[in-house]
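Reading through the structure tokens given below for one structure.
The values are calculated or read from the model by the stated rules, or taken from the named source; none is laboratory data. What you see is a predicted model, and the numbers here were worked out from it, not measured in a lab. As a convention, Cβ positions derive from the backbone with ideal geometry for all residues, glycine included, and neighbour counts pool all protein chains shown.
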Amino acid sequence: AKNNGRSQFSFFTRSLQEEALNRLQLSADLRNAVSGGQLRLYFQPIANLGDGLIHKAEALLRWQHPTLGLLQPDEFIGLAEESGQIRKLGNWAFAQAAQWSRKWSRHLGRTVQISINKSAIQFESNGRSMNWKAYLDRLELPHESIIVEITESVLLNASSKTADKLLELRNAGLELAIDDFGTGYSSMAYLKKYEVDYLKIDQSFINDADNEASSRTIAESMILMAHKLGLKVVAEGVETKAQRDWLRSVGCDFAQGFYYSAPLPAKEFEELLYGTRRQ
Ligand code: C2E
Ligand code: CA
Ligand code: CA
Ligand code: CA
């Protein structure tokens, strides 16, 4: 039994070591991901519940790793944040999002807003940061073409540096959305401090809405509150027609989720967008 215990222990340490090595290797690989053209930006449609059309999209990163295949954000965003590479990734994603927004907006003759995720670390990092406003100006894109998604924790813990950057984006006319709303903190004082444009109701409330009256009540209260504050609401993780119908009946503005489409490569999203079929 003692032997057994020891071998289990060494197995455990070995796998931990392996894990650490894998992470180290992945972190090193990530350094070449941008220059090596391995990053992909996927787009998930955001539908307007009023007219059923795709008005916007959320841009989501994927990494086409040379040997491991297509990696999802949970496999590399954390690493990128720890190693400081998230800034490079984030700027790449922003530039791509802006270029696609320009193409799609021109084609359709209306602004197709693209929302992109920006984590706390991207706000906090030192050094000269890419000037998003100047980039949009160079592309002659209206600044509201880009929505910046931030989580509640970014706003709640915002240092003066983060607050300044947020206000800068805001004053430049980019729009702001609070991501995963309802999962972080119960304090909503920050809603008074920062003028945000959208609340994104976390998918857990939408998911549980089928079975739990309390989740429905919470979601409906969020919609009421947001509207009273002049914010628009996006429901995340909408997977069924029943959820779509309920959200529409309670006045939710936008919906995003597998019911409409999973995140798609740019070209596939473009086909969906140009088809503009009613959902
Ligand atoms: P998020 O911002 O909350 O993005 C929504 C996630 O929900 C996406 O996962 C999306 O694929 C998934 N999703 C969408 N609709 C449904 C649905 O109907 N049901 C379910 N169960 N899930 C749905 P994804 O693409 O794996 O992204 C995970 C997270 O990675 C994102 O969560 C975001 O926090 C982060 N992320 C992705 N791209 C970036 C980026 O460019 N920068 C930063 N900082 N973070 C990113
Ligand atoms: Ca998001
Ligand atoms: Ca979210
Ligand atoms: Ca999230």
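For the range 243-268, a tally of residues being part of a helix (DSSP H, G or I) and either within 13 Å of ligand 1 (Cβ to nearest atom) or touching a helix residue (DSSP H, G or I) at 6+ places or on another chain (Cβ under 6 Å) (or both) returns 4.
Within the range 71-99, restricting attention to residues that are buried (at least 19 other Cβ atoms within 10 Å of the Cβ) and aromatic (Phe, Trp, Tyr), the residue that is farthest from the chain's Cα centre (by Cα) is PHE76. Scanning the range 152-162 for any residue that is free of Cβ contacts under 8 Å to residues at least 24 places away in the same chain and out of contact with any Lys or Arg (no Cβ under 7 Å at 6 or more places or on another chain) turns up at least one such residue.
Is it the case that some residue within the range 229-238 is in contact (Cβ under 8 Å) with a residue 60 or more places away in the chain, touching a Pro at 6+ places or on another chain (Cβ under 7 Å) and within 30 Å of ALA93 (Cβ to Cβ)? So far as the range 229-238 goes, no, none of its residues is in contact (Cβ under 8 Å) with a residue 60 or more places away in the chain, touching a Pro at 6+ places or on another chain (Cβ under 7 Å) and within 30 Å of ALA93 (Cβ to Cβ).
Taken residue by residue, the range 35-45 has at least one member that is free of Cβ contacts under 8 Å to residues at least 40 places away in the same chain and more than 28 Å from LEU273 (Cβ to Cβ).
Can you name every residue in the range 156-203 that is more than 13 Å from the chain's Cα centre (by Cα), within 14 Å of ligand 2 (Cβ to nearest atom) and either closer than 18 Å to GLU124 by Cα or at pLDDT below 95 (or both)? Of everything in the range 156-203, those that are more than 13 Å from the chain's Cα centre (by Cα), within 14 Å of ligand 2 (Cβ to nearest atom) and either closer than 18 Å to GLU124 by Cα or at pLDDT below 95 (or both) turn out to be GLY182, THR183, GLY184, VAL196. If the condition is being of a type in the set (A, V, I, L, M) and within 12 Å of ligand 1 (Cβ to nearest atom), then the range 180-227 contributes ILE201, ILE206. Scanning the range 60-70 for residues that are of a type outside the set (A, V, I, L, M, F, W, C) and surrounded by fewer than 18 Cβ atoms within 10 Å (Cβ to Cβ) gives GLN64, HIS65, PRO66, THR67, GLY69. In the range 202-214, the residues that are surrounded by 16 or more Cβ atoms within 10 Å (Cβ to Cβ) reach residues that are part of a helix (DSSP H, G or I) and β-branched (Val, Ile, Thr) with C-beta atoms within less than 6 angstrom, at least six apart or across chains, in these pairs: PHE205/ILE218.
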